[in-house]
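Below: the structure, in structure tokens.
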Amino acid sequence: MGTEASAAGVFSAAVRPVTLSVNGADRELRIAPWTTLLDGLREYLGLTGTKKGCDHGQCGACTVLVDGVRINSCLTLAVMHEGATIRTIEGIGAEGALHPLQQAFIDHDAFQCGYCTPGQICSATGLIAEGRARTPEEIRELMSGNLCRCGAYPNIVAAIEHAMRVAETAP
Amino acid sequence: MTTFGLAQPVRRVEDPRLLKGEGRYTDDIQPAGQLRGVVVRSPYAAARITGIRTEEALKVPGVAAVYTGADLKTDGIGGLPCLVPMTNRDGSHRANVPHPVLADGAVRHVGDPVAFVVAETVEAARDAAELIEIDYDGLSAVTDPEAALKADAPLVWPDVSGNQVFDWEIGDRAKTEALFAQAARVTKLRIVNNRVVVASMEARAALAEYDASSGRWTLSTNTQGGWLLKDQIGPEVFHVEADKFRVITPDVGGGFGMKLFLYAEHVLTCYAARKLGRPVKWTSDRSEAFLCDTHGRDNVTEGEIATDADGRFLALRTRNIANMGAYLSNFGPYIPTFAGTGVLASVYGFQSVYANVVGVFTNTVPVDAYRGAGRPESNYLVERLIDETARALGIDRVELRRRNMVLPTQMPHQTPVGKTYDSGDFLRVLDAGLARFDWAGFDARRAQAAARGKLLGRGLSYYLEATGGAPSERAEIRFADDGFVDVYVGTQSTGQGHETAYVQLTADRLGVDGSRVRIRQGDTDTIPVGGGTGGARSLYSEGQAILATAATVIEKGKRAASEMLEAAPADIAFAAGRFSIVGTDRGVDILTLAAEQHRAIREGREGTILDTAEVAKVDAHTFPNGCHLAEVEVDPDTGHIEVVRYVVSDDVGKAINPLIVRGQVHGGVAQGIGQAVFEHTVFDPDSGQLLSGSFMDYALPRAGDLPDIDVDLVEVPCATNPLGVKGAGEAGAVGSPPAVMNAILDALSSRGVLQLDMPATPARVWEALQAAPRAA
């Protein structure tokens, strides 16, 4: 549905519209041009599943998929993505069913506090689509942009490896 | 029952919500009409403030208010308390200094709060913050704790001479001196336990709402237990009853000790919400989190072990200089003293231990509890010192530990620092670890590494931790109208998976399916008291409370069932969730019984409500212990270190949920390896600026930096609680730093490097190799 989010509280004349396809629905925002994609999602569309861990592109908590590619949403402006397809954690997995990666995170106890987890899952979704990682070592390296202070890395790697195998054998 | 059994690796019940982006953390709550607050912080480590002008800031569109220390003073707002009474060696009390919420005319560390701007948006508040003019008169600063004790050091507080907060001791000094006098050998070591930035992935945040008609605040904030906040902010800060505050703790993205405390921003949001009559939210950005969250560790310690001619430990003597930062945080002085020294005897049969701890003010961020809180520091010293002793005596380091360990037959064991260990089988846990690690196969692996030009080292540590925290805990079981069993707990999960373990326990005791049990936490209005989560206390404290409450529920249930089934109470038995008349097939299950009693009361008939609350006294610590074994590969050309093999052989008592225990140990080890190899908190010694103030400068371990961590659980049940559990939350962070550093020194010793402090960064390792006298 085409909800129009207001730009309440922005005290600038420079508000401009941008339309994004977010998790399968076109959403129009009216935002200041300096608004990051992360703030656009969290503050204007109410999609708070994407997390702000550092706002400097150093922790990966804000990772989302833009046209299928994983990206730090804090390092890009929403207005740069007119017409783009955005997929956030809220758009991963179907209604009432978990995505295989989410299930793998449960089965492998791949997180604790859950704060970095949306970013880890979006990043891993992108990683699997890239098809670049083959070994646990490669998964570790290619997931190193996503910090986890709870230190769940061994289980995160195991979960991604498992989901990758599932994806390979899927019909 | 079967899907939620005890001792099973039950998958966590919290998970689906958190995996779908449906977690609700403090900053995710966005009430209509909320204002946003931004804190203006000192750019100076030490300065007098000679003027603040806010007029231009107040003109920025959307700005609602700007507050300074003068406003708080006018309104009688108190400062942040330190909760630790302490007596010095000479009988006097520790230094006490104020901790104003906003600067009182001076700033004492970079990041010290000076003003609070409240506006319609964060952007407007930031714009206004930049227009506040503050006149600073800069002063000399000191950041290093040893430097702060020198006679010519700048004083952080003019009234605190020598910057000394306290000079504290524990243990029998005379006996220790006598044992040192008769020792065959004394080994010494001086080590630095580096300051660590806690850096939970979710930064701190606070959302305050004030209801003028009732005079009550609702403060939603990420805590490790809202009761500690409520009990301080009411009486100590706003001078009202604690119950004027309702503290709600939503999902919390990691705490590690740092989210236990009352902070300035809790007060500022509550103050502004009352002044302005609207919800006020503050969310820390990452840069300020580095400057306003309490840090951990930061000790400089000298230790000595006295041994007899057979390599038996006689006595341990330590002197520790502990950096407290510029103010005393809630528990700051407690950490290196009461908390840390209690485990100095560790698993060894020292006849005497004496520790002297000196607390020091510096112009740095305050230091308080971080995962392990004093116990990692003590274990690090002892285990490094034992390796040093082994080297000096020419005794194998495993053998030296073996020779001095307390045996199971000596339990309960009273230590020279006043702890009584209830249980422990240290030799068995050690041997299990050595075998699993393939300690004996090291030479072949070292040869392989050498062929690739790498130095391989192996290290071990045997840690002992004393879990702590509040001395009682409460649980309440309520049978809800929708057929669920609600358990209200006084602990607070920040990612540990408590909910799952509590569901397992409740399901087991009440004989109901785990899917029918809900855990309620984090609201001080619905849960009147709680000890929160800290000191790895939750499962053994809350677990005992749940057991006590469930037992009362069952007793009440027997009375109710005897009425319902028309049988004598003595003839009612309870098993597998069902009350029945002994020797018959007549009975009623607990959920049906509870619902029937509720219905009876509602309809004005007699009934027995099964709902119960109990407070369990938690008067004994638990002493989790274990062996950490690490193998590291050093690149001598670059100084780069890779931890290539890691095994933990752990006695955390009975494991209610091995899956969760392993996850906790992984996390602790990750943080311990982080401290040992990566995490370097650096203040510029002249300006006092935090140079490592971002994730680009401060290296948290990343996925590629850590090995697989193999955790073997050797269960030696705790004798002082009915569950047999020992606290597992901190253990990994206690055992890992010495294991890793001992491994690094094992690798480097062949090149003549015999001492190195954490963190063993490539630059440090490389420099140590360059400076070492080359082995011929």
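The values are calculated or read from the model by the stated rules, or taken from the named source; none is laboratory data. Because the structure is predicted, anything quoted here is derived from the model rather than measured. Cβ coordinates were reconstructed from backbone atoms using ideal geometry, including for glycine residues, and neighbour counts include every protein chain displayed.
Within the range A:37-57, is there a residue that is in a helix (DSSP H, G or I), more than 15 Å from A:Leu147 (Cβ to Cβ), among the hydrophobic types (A, V, I, L, M, F, W, C) and away from every other protein chain (no Cβ under 13 Å)? Spell out how you get there, then give the answer.
First pass over the range A:37-57, keeping only residues in a helix (DSSP H, G or I): A:37-44.
Applying the additional criterion that residues be more than 15 Å from A:Leu147 (Cβ to Cβ) yields A:37-44.
Narrowing the set further to residues that are among the hydrophobic types (A, V, I, L, M, F, W, C) leaves A:37-38, A:41.
Now restrict to residues that are away from every other protein chain (no Cβ under 13 Å): A:37.
Yes, some residue in the range A:37-57 is in a helix (DSSP H, G or I), more than 15 Å from A:Leu147 (Cβ to Cβ), among the hydrophobic types (A, V, I, L, M, F, W, C) and away from every other protein chain (no Cβ under 13 Å).
Every test in (1) surrounded by fewer than 23 Cβ atoms within 10 Å (Cβ to Cβ); (2) in contact with a Leu (Cβ under 9 Å, 6 or more places away or on another chain); (3) part of a helix (DSSP H, G or I) is passed by B:Gln504 save one, and that test is (1). All of (1) within 22 Å of B:Val252 (Cα to Cα); (2) in a loop (DSSP other than H, G, I, E, B) hold for A:Gly119 with one exception: (2).
Could you grab me the full set of residues in the range B:27-58 that are away from chain A (no Cβ under 11 Å) and part of a helix (DSSP H, G or I)?
B:Glu55, B:Glu56, B:Ala57, B:Leu58, listed by residue number.
When B:Glu123 is tested against (1) under 29 Å from B:Glu236 (Cβ atoms); (2) at pLDDT below 95, only condition (1) is not met. Among the residues of the range B:533-568, those that are touching a strand residue (DSSP E or B) at 6+ places or on another chain (Cβ under 6 Å) and not aliphatic (A, V, I, L, M) comprise B:Tyr540, B:Ser541, B:Glu542, B:Gln544, B:Thr549, B:Thr552, B:Gly557, B:Lys558, B:Ser562. Please go through the range B:263-294 and give me each residue that is in a loop (DSSP other than H, G, I, E, B) and either surrounded by fewer than 24 Cβ atoms within 10 Å (Cβ to Cβ) or within 14 Å of chain A (Cβ to nearest Cβ) (or both), ordered by number. Within the range B:263-294, B:Gly277, B:Arg278, B:Pro279, B:Ser284, B:Asp285, B:Asp293 meet the criteria. The one condition from (1) in contact with a strand residue (DSSP E or B) (Cβ under 8 Å, 6 or more places away or on another chain); (2) modelled with pLDDT under 95; (3) not β-branched (Val, Ile, Thr) that A:Phe111 does not meet is (1). Taking the criterion of being in a loop (DSSP other than H, G, I, E, B) and farther than 23 Å from B:Gly234 by Cβ, the residues of the range B:59-99 that qualify are B:Lys59, B:Val60, B:Pro61, B:Gly62, B:Met86, B:Asn88, B:Arg89, B:Asp90, B:Gly91, B:Ser92, B:Arg94, B:Ala95. Scanning the range B:301-344 for residues that are under 16 Å from B:Asn356 (Cα atoms), out of contact with any Pro (no Cβ under 6 Å at 6 or more places or on another chain) and of a type in the set (A, V, I, L, M) yields B:Ile305, B:Ala315, B:Leu316, B:Met324, B:Ile335, B:Ala339, B:Val343, B:Leu344. Selection of the range B:645-694 for residues being away from chain A (no Cβ under 12 Å), acidic (Asp, Glu) and either assigned to a loop (DSSP other than H, G, I, E, B) or under 18 Å from B:Asn742 (Cα atoms) (or both) yields B:Asp684, B:Asp686. Applying the criterion of being in contact (Cβ under 8 Å) with a residue 40 or more places away in the chain and among the acidic types (Asp, Glu) to the residues of the range B:178-224, the residue that is farthest from the other protein chains (Cβ to nearest Cβ) is B:Glu209. Based on this model, can you work out whether B:Gly21 counts as free of Cβ contacts under 8 Å to residues at least 40 places away in the same chain and within 14 Å of another protein chain (Cβ to nearest Cβ)? Yes: the conditions hold for B:Gly21. Within the range B:570-580, restricting attention to residues that are within 28 Å of B:Leu6 (Cβ to Cβ) and of a type outside the set (Ser, Thr, Tyr), the residue that is surrounded by the fewest Cβ atoms within 10 Å (Cβ to Cβ) is B:Ala575. Entry remark, the range A:43-56: residues being more than 12 Å from the chain's Cα centre (by Cα) and farther than 14 Å from A:Asn23 by Cα number 6 in total.
For the range B:612-633, a tally of residues being crowded, with 18+ Cβ neighbours inside 10 Å and in contact with a Phe, Trp or Tyr (Cβ under 8 Å, 6 or more places away or on another chain) returns 10.
Please indicate, with yes or no, whether at least one residue in the range B:440-449 is in contact with a Phe, Trp or Tyr (Cβ under 8 Å, 6 or more places away or on another chain) and either surrounded by 20 or more Cβ atoms within 10 Å (Cβ to Cβ) or assigned to a strand (DSSP E or B) (or both). No, the range B:440-449 contains no residue that is in contact with a Phe, Trp or Tyr (Cβ under 8 Å, 6 or more places away or on another chain) and either surrounded by 20 or more Cβ atoms within 10 Å (Cβ to Cβ) or assigned to a strand (DSSP E or B) (or both). Only residues that are without any contact (Cβ under 8 Å) to a residue 12 or more places away in the chain and at the interface with chain B (Cβ under 7 Å from one of its Cβ atoms) were counted across the range A:80-102, and they come to 2.
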